[in-house]
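Below you'll find the structure, written out as structure tokens, and then a few comments.
Coordinate-derived values only; no laboratory data. A quick note: this is a predicted structure, and the numbers were derived from the prediction, not measured. Here the Cβ positions follow ideal geometry from the backbone for every residue, glycine too, while neighbour counts run over all protein chains shown.
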Amino acid sequence: MIEFNTPTEIISLAVSKIEKVRKKKKITQKELSLKSGVPYGSYREMVDNKSISLKNFISILQVLDMFTELKCLVKNTEVKTIAQMREEDKKWK
């Protein structure tokens with residue numbers, strides 16, 4: 001079954017995971033804020049209201065060694081035209 005989430009639900013899931021990892025690493029919110037360069041007020045806004053800039057979000061993920069989970073979004077993938085794919089297919093026949 002395909003599950004669709006709203007943007008707020010996705011952010012909420014991400015924040016929950018961030019908080020879980022932060023606690024596991026025994027880092028306080030203030031320490032994470034300092035290490036990531038994200039103002040503490042912005043961090044609290046993320047936790048309380050599920051709102052954060054992409055830049056701050058990435059900074060937090062990097063400090064927690066969680067950015068690899070988002071690499072699929074920034075992965076450089078090769079895009080081929082249909083003609084290129086057909087040409088490659090001919091080579092295999």
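On a full-extension model of 0.36 nm per residue, what is the gain between Lys20 and Ser51, subtracting their alpha-carbon distance, rounded to one decimal in nm?
On the way: separation 31, 0.36 × 31 = 11.16 nm, distance 1.77 nm.
Extra length from Lys20 to Ser51 when fully extended: 9.4 nm.
Within the shell defined by Cβ-Cβ distances under 12 Å, the residues around Val63 carry a net charge of +1, with Lys and Arg each +1 and Asp and Glu each -1.
Which entries of Lys26/Lys55; Lys20/Lys50; Lys35/Lys55 have Cα-Cα distances beyond 19 Å here? Present the calculation step by step, with values, prior to reporting the outcome.
Working: Lys26/Lys55 23 Å; Lys20/Lys50 15 Å; Lys35/Lys55 14 Å.
With Cα atoms farther than 19 Å apart: Lys26/Lys55.
If you bin all the Cα-Cα distances of the chain at 10 Å, starting from zero, the percentages per bin are 14, 38, 20, 12, 11, 5, 0. In this simple spin-label model, placing a label point 7 Å from the Cα along the Cα-to-Cβ direction at both Leu70 and Glu31 gives a separation of 2.2 nm. Checking the a/c ratio against 1.5 first, then a/b against b/c, what shape does the Cα gyration tensor give for the stretch 1-52? Oblate.
Would you calculate, for the chain, the mean residue ellipticity at 222 nm contributed by helices, counting each DSSP H stretch of 4 or more residues as -39,500 (n - 2.57) and dividing by all residues, to the nearest 500?
Details: 6 runs with 61 residues, N = 93.
Value at 222 nm, helices only, nearest 500: -19500 deg cm²/dmol.
Calculate the FRET efficiency for Thr6 and Tyr40 from the Cβ-Cβ distance with a Förster distance of 30 Å, rounded to the nearest 0.05. That gives a FRET efficiency of 0.65. With contacts taken as Cα pairs under 8 Å and at least 6 residues apart, the chain reaches a relative contact order of 23 percent.
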